[in-house]
Amino acid sequence: MTLDPVHVDDIASMASSIADSVDDTDYDDLARTVWESWLDPLSPPGGGRPIIEPLGEQRLNAAVVDDIALTDTPFPTVHGLDSGTINPTTFKNGLVLDVAHAAMAAEPSDLELHRARSIVMTAHTRDSLSVFDTDEWTKSDRGYVRKRLLRAPRVNRYAEGVVHALSLYLAESEHALYHADAVSDLLILDGPVYPKELLNWRDRDAELKDLAREAKPKAIVENYVRLVERFVERDVPLAGFVKNPGAKHIVRTLQKHFREDNSGDIPWVDDASFFVKLLERRTGTEGEKRRTEALTFTNWFISRGGSDRQMSADGDAFGVDRSLDPASYTVTFFVLYDPRTDVCYRVESPYAFTKDEETRENLMHHVVRDVAATRGPPLAVEKADELARVSVGEKAALRRKLSDRLSSDQIKSYDNIRWVDADE
């Protein structure tokens, strides 16, 4: 039985009761106050190195969709890179594994490059006698596919998260490095420019902190460090397009300040919700209609908060040696809001590239232009996502094949029966 109309009305009535006690019109003024008074720079309570500060002039921007979409890009060619996985899978023999599959796309298209793949299978087992780790990459499909088996360090908890992160980031970083010379003008990663799930291990519980010291996570972080250095050496910018930004270090720092000053609580659950409130523009006597004719976006910022600290001059990048000035690896970003979809994106690039005003303006222009035209991610990123994505049906088929080869069934929950099998 589904919800009857009376149930829907009851739920709506309950929501109305909440709405009557929450007036978010005041949040517009608060967002503007935070923007004008707190972010230039935003430092931890008590002082210290800023976690956020403007790179160049602090300003809010708007670009009319129909106009910006028709402009020329500053980059003759653009490459995108993405890595997709089958998601962590646990088997009855104790194995927990994930498989990641990285691909690079080009705009204009390069079919030879599109055929290339990097595949990583990472497995976790409590059997100390099992030997399946390989340091070398092997090839198939006439050399277009590179693949590697990786044994995850043993953990008591988090096995699924560990195999997922190691597979995803090793495949992505290796594919980017291996095909770096194919990129002549710009590379955009689908996601952040650094492996944030790995970097966050340093701030998690003791088991993950210990794991972050091991050779395999460190080797993956080193790949990203070398990627920045390689692109700096070739004078080709590198960026990341984050479709679902989840950072919270701005609102958490603001909350500490507000409580210290007895100024109440910050209403936003994460940084993205703050920027949406700041960048959204409304019209009408009570602001009941969202204006959709223009994309809105911030200037670039330097970020040293949260996991971004690890790659700044204040962090040690998991102990990886860095050949450039450590400040060159610092994350910089701007936030872009598309009112047509009511979605907020975060665009990242290391300071090595954005310290040059022309480069950061060109990066901003290209991304805003493409989002205006595609109503979503930049075209090269969208292409890479299509190449690397593993569909629901493909995931199910791969799991069946893995079960057959491992001679062990997948451990299923009721949700596997209720949802996954229905999708097949």
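The values are calculated or read from the model by the stated rules, or taken from the named source; none is laboratory data. Keep in mind that this is a model prediction, so the values were computed, not measured. Cβ coordinates were reconstructed from backbone atoms using ideal geometry, including for glycine residues, and neighbour counts include every protein chain displayed. When the accessible area is computed, the model is the full protein with side chains, heavy atoms only, and any ligands, DNA or RNA have been set aside. Shrake-Rupley method; radii C 1.70, N 1.55, O 1.52, S 1.80 Å.
According to a simple spin-label model (label point 7 Å from Cα along Cα-to-Cβ), what is the distance in nm between Glu357 and Ala215?
Taking the simple label geometry, Ala215 and Glu357 are separated by 4.8 nm.
Provide, as a two-decimal number, the C-alpha radius of gyration of the stretch 252-329 over 2.2 N^0.38 Å, N being how many residues it has.
Here the Cα radius of gyration is 1.59 times the empirical estimate.
Taking the alpha-carbon centroid of each part, what is the distance from the stretch 230-276 to the stretch 310-334 in angstrom?
Cα centroid of the stretch 230-276 versus Cα centroid of the stretch 310-334: 18 Å apart.
Measuring from centroid to centroid over Cα atoms, what is the spacing of the stretch 137-192 and the stretch 38-84 in Å?
So the two Cα centres are separated by 27 Å.
Working from the alpha-carbon coordinates of the chain, get Rg over Rh, Rh being the Kirkwood radius.
Radius of gyration relative to Kirkwood radius: 0.98.
Relative to the longest principal Cα axis of the chain, at what angle does helix 215-234 sit, 0 to 90 degrees, rounded to 10?
So the inclination is approximately 60 degrees.
Considering only protein heavy atoms, what is the solvent-accessible area of Arg400 at a probe of 1.4 Å, reported in Å² to the nearest 10?
Accessible area of Arg400: about 130 Å².
Over the heavy atoms of Tyr169, what accessible area does a 1.4 Å probe trace out, to the nearest 10 Å²?
Per-residue accessible area (Tyr169): approximately 20 Å².
Keeping all protein chains in the complex and leaving out DNA, RNA and ligands, what accessible area do you get for Ile68 with a 1.4 Å probe, in Å² to the nearest 10?
Roughly 20 Å² of Ile68 is accessible to a 1.4 Å probe.
Just to be sure I understand: with springs between alpha-carbon atoms less than 10 Å apart, which residue in Val320, Val367, Val65 has the highest mean-square fluctuation in the Gaussian network model of the chain?
Of Val320, Val367, Val65, the most mobile in the Gaussian network model is Val320.
I'd like the Karplus ³J(HN,Hα) series for the stretch 100-112: coefficients 6.51, -1.76, 1.60, θ = phi - 60°, whole numbers in Hz, and an x wherever there's a Gly or Pro.
For the stretch 100-112, the Karplus-derived couplings read 10, 9, 9, 9, 10, 10, 10, 10, x, 5, 9, 5, 4 Hz, x marking Gly and Pro.
Which sequence of Lys196, Lys139 reflects their accessible areas, 1.4 Å probe, from the largest down?
Ranked from most to least accessible, the order is Lys139, Lys196.
Amide H to amide H under 5 Å from Ile51: which residues, 5+ apart in sequence or cross-chain, H placed 1.01 Å off N in plane?
Counting only residues 5 or more places away or on other chains, the set is Leu42, Ser43.
Go ahead and run the numbers for FRET between Trp137 and His257, Cβ-Cβ distance against an R0 of 41 Å, rounding to 0.05. It would help to have the intermediate numbers written out before the result.
On the way: r = 49 Å, r/R0 = 1.19.
Here the calculated transfer efficiency is 0.25.
Based on the alpha-carbon gyration tensor of the stretch 320-377, what equivalent-ellipsoid semi-axes (square roots of 5 times the eigenvalues) come out, in whole Å, largest first?
27, 12, 8
How big is the stretch 135-235 along each principal axis, measuring the range of its Cα positions in Å and listing the largest first?
Its Cα atoms span 43, 31, 21 Å along the three principal axes.
Cα extents of the stretch 140-196 along the three principal axes, largest first, in whole Å?
Over the stretch 140-196, Cα extents along the principal axes are 44, 30, 13 Å.
Counting DSSP beta bridges in the chain, what percent are antiparallel, to the nearest 5?
80 percent
Quick one: ranking His164, His124 by accessible area, 1.4 Å probe, largest first, what do you get?
Values: His164 40, His124 5 Å².
Output order, biggest surface exposure first: His164, His124.
Mind pulling the angle between the C-alpha long axis of helix 392-406 and the longest principal axis of the chain? Nearest 10 degrees, somewhere in 0 to 90.
Helix 392-406 sits roughly 30 degrees off the main axis of the chain.
Determine one quarter of the surface area of the Cα convex hull of the stretch 65-151, which equals its mean projected area, and express it in nm² to one decimal.
Approximately 9.0 nm², given one-decimal rounding.
When the solvent-accessible surface of protein heavy atoms is calculated with a 1.4 angstrom probe, in what order do Thr283, Thr2, Thr359 fall, highest first?
Working: Thr283 65, Thr2 115, Thr359 35 Å².
The ordering from most to least exposed comes out as Thr2, Thr283, Thr359.
Taking only Cα atoms, what is the 0 to 90° angle, nearest 10, from helix 5-21's long axis to the longest principal axis of the chain?
The two axes meet at around 60 degrees.
Summing -39500 (n - 2.57) over the DSSP H runs of n ≥ 4 in the chain and dividing by its residue number, what mean residue ellipticity at 222 nm do you reach, to the nearest 500 deg cm²/dmol?
-11500 deg cm²/dmol
Apply the Kirkwood formula to the stretch 259-412: the hydrodynamic radius equals the inverse of the mean of 1/r over all pairs of different alpha-carbon atoms; give it in Å with one decimal.
One over the average 1/r among Cα pairs gives 19.4 Å for the stretch 259-412.
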